[in-house]
1. Measuring with a 1.4 Å probe in the full set of protein chains, what accessible area per residue, in whole Å², belongs to segment 68-149?
2. I want to check the label-to-label distance for A196 and V140. Put each point 7 Å from Cα in the C-beta direction and report it in nm to one decimal.
3. So what's the gap between the Cα centers of segment 63-99 and segment 106-159, to the nearest angstrom?
4. How large is ³J(HN,Hα) for each residue in segment 140-152, as worked out from phi by the Karplus curve 6.51 cos²θ - 1.76 cosθ + 1.60 (θ = phi - 60°), to whole Hz, x for Gly and Pro?
5. Relative to the present Cα-Cα distance, how much length would full extension add between V87 and T69 at 0.36 nm per residue of separation?
6. State the dimensionless ratio Rg/Rh of segment 68-209 (Rg: radius of gyration of Cα atoms; Rh: Kirkwood radius).
7. Which chymotrypsin sites (Phe, Trp or Tyr not before Pro) from segment 48-88 combine a DSSP loop assignment with at most 12 other Cβ atoms within 10 Å?
Amino acid sequence: MRKLFTVAAAAAAFVAAPAFAQDMSTTSQDTTTTEPAPAVTAPDGTSGIGFEPYVAIMGGWEQFDSERTDAGIPLVPRNDKLNGALVEGIVGFNVPLGPVFVGAEGSVSKGVSGDIDWDYGAAGRFGVRAGDSGLIYGKVGYRWVNFDRFGNDSRDYHEMTYGAGFEVGPKDIGLGGITGNSGVRLRGEVSTFGSAHSFRPMLGLTTHF
């Protein structure tokens, strides 16, 4: 009986050994051929999640309407609206989240002609990343403005601001390879003071790091 048991056990082991070896081989192949999930990337190939600081210099023009606003800006004749040319400096950051982004920025503008002396403010931005290094965005913020026209004792008038804009990088404007994925981008923007009480187109350059 003991010999019969020993022979049966040996036979079972002999039959099971190839199956076990095949199973181990399959498991090993599954382990070695499994590829990690691809990282989230933006349209320009950069990391889809991160932190992107930037600075910008822009120039433009702003004209206010002749209606009374919540900010309390004094009324002027309709044929002589408050307006002026501006130069603006901006410091901000973006937080990319795959194909979209959020961010915030602060700005200071100086009037170079016309009725506006200074303005300054802060805003949040949100939008989508487009093309190789482009952005399309909306923004909401708060801004203070001071007018030369009302004399040296003029106070700052302040109200919510709203705007929309775009940025395009070198590859988007046919200059691929000059500054890489980040670097200098052309930026255009239109915004308003309060409930559409001004029209403010701006154009300039943004440098991302």
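1. Details: 3650 Å² over 82 residues.
About 45 Å² of surface per residue is accessible.
2. Taking the two extended label points, one gets 1.8 nm.
3. 6 Å
4. Ordered by residue, 3J(HN,Hα) equals 9, x, 9, 9, 10, 9, 10, 10, 4, 4, 9, x, 5 Hz.
5. Separation in residues times 0.36 nm, less the Cα-Cα distance, equals 4.0 nm.
6. 1.03
7. Of the chymotrypsin sites (Phe, Trp or Tyr not before Pro), the ones in loops of segment 48-88 whose Cβ has at most 12 other Cβ atoms within 10 Å are F51.
The values are calculated or read from the model by the stated rules, or taken from the named source; none is laboratory data. Every value quoted in this text rests on a predicted model; they were computed, and no experiment measured them. Methodologically, a virtual Cβ is constructed for each residue, glycine included, from the backbone with ideal geometry; neighbour enumeration extends over all protein chains shown. Surface accessibility is based on the protein's heavy atoms, side chains included, excluding ligands, DNA and RNA. Shrake-Rupley method; radii C 1.70, N 1.55, O 1.52, S 1.80 Å.
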